[in-house]
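A.B. asks: I'd like to ask some things about the structure below.
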Amino acid sequence: MIRFENVTKRYRGTKRPALAGVDFEIQRGEFVFLVGASGSGKSTCLQLILREEVPSAGRVAVLGRDLRSLANRKVPYFRRHIGSVFQDFRLLSTKTVFQNVAFTLQVTGSSRGFIQQAVPEALALVGLDGKEKRMPHELSGGEQQRVAIARALVNRPQVLLADEPTGNLDPATSVDIMQLLARINAGGTTVLMATHEAAFVDQMQRRVIELRDGEMVRDEVHGGYGDRSMIPQLVPEQERGAAATAALTAVQAVQRQTESLEPLTVEMIASMKAARNAAAVPATQTAPDADAAAPESTPAAEPAATGPRTHPIVLPDVDVAELGVADRLGLSDGRDDEEVGPTS
Ligand code: ADP
């Protein structure tokens, strides 16, 4: 489904290659973590998969297609088979939840009937039914990421690329999002997630591909995070305790509500998140609570009274540039979809 064959990527004007001789194959239906310190080459891998970049040497094949032979004009259609979610959600701030999810379908010319069916389905999948009329600022950070996931899935892609999807979320919400990604994967979607979240990687025991300075140093079927030396440590002690306690409480609350995964290693998640939260404030400041690093504090409006499936489709004034991810959503031009070749 995704194959890297001895892939090297050198960016212009740089001495060291961003990727050097990287070789792996991801099968349909796998859940794979891509881990490594900042600058190790994770984003470059995702960009190569989306053909935002091309290798300097070697071969990348995605969905049964050698990307070297993919004509530029077919790239937007190819990208519609791949869903992407990001650390910063990238929602259209002036559009409702429904419009955000419908946006790609509208721009690519899907029928009203399909949109009416597909958008509520995608929102139900991510647990957001009833919130179609809300604006992004009326949602918590976790809910915003769910909208972004619904948007990524509404085209029913075979692959979901997630680039640090929990990086802006508090511990409890991160657990929710991880469980959602695991559920999406259980439904057959291949998931490749770039992350620093050691707790999730260790807990989920899925395949781990680790990069270090552009080289693949590990490919383990049931891996853990491995080298934690890049994870920030906390000072002073008092802050670590307070932050960890807040995070632990939040994670435990979520654990009581969920049965879909094996119990998470609470201490790992709490200490990781607390480490990040506390590292984000000056040492003299009071320790942050579990929500400190997350955009979760916006008060949510009451849900709209209208039921989800009767929501009228309003074509938004499309400003593709506003989205900032037009290429990744396959919106580089407005023509109808087209086959990109055999998929595997
Ligand atoms: P990660 O996602 O793991 O942080 P990246 O793939 O972003 O790593 O970066 C890998 C290396 O390539 C880094 O040294 C980075 O500075 C370099 N790099 C990434 N993108 C570019 C670019 N567009 N131009 C030049 N160098 C880049």
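A.B. asks: Within the range 18-26, does at least one residue satisfy the condition of being under 24 Å from R156 (Cα atoms) and out of contact with any Pro (no Cβ under 6 Å at 6 or more places or on another chain)?
C.D. replies: yes
A.B. asks: Run down A20, A102 and say which single residue is at pLDDT 95 or above and in contact with a Ser or Thr (Cβ under 6 Å, 6 or more places away or on another chain).
C.D. replies: None of the other options fit; the residue is A20.
A.B. asks: Within the range 207-229, work out how many residues are out of contact with any helix residue (DSSP H, G or I) (no Cβ under 9 Å at 6 or more places or on another chain) and under 14 Å from C45 (Cα atoms).
C.D. replies: The number of residues fulfilling the criteria is 5.
A.B. asks: Taking the residues in the range 39-69 that are touching a residue at least 12 places away in the same chain (Cβ under 8 Å) and part of a strand (DSSP E or B) as candidates, determine which candidate is nearest to the chain's Cα centre (by Cα).
C.D. replies: The extreme case among them is V62.
The values are calculated or read from the model by the stated rules, or taken from the named source; none is laboratory data. Please read all numbers here as calculations on a predicted model, not as lab measurements. Please note: Cβ atoms are built from the backbone with ideal geometry, for glycine as well, and neighbour counts cover all protein chains shown.
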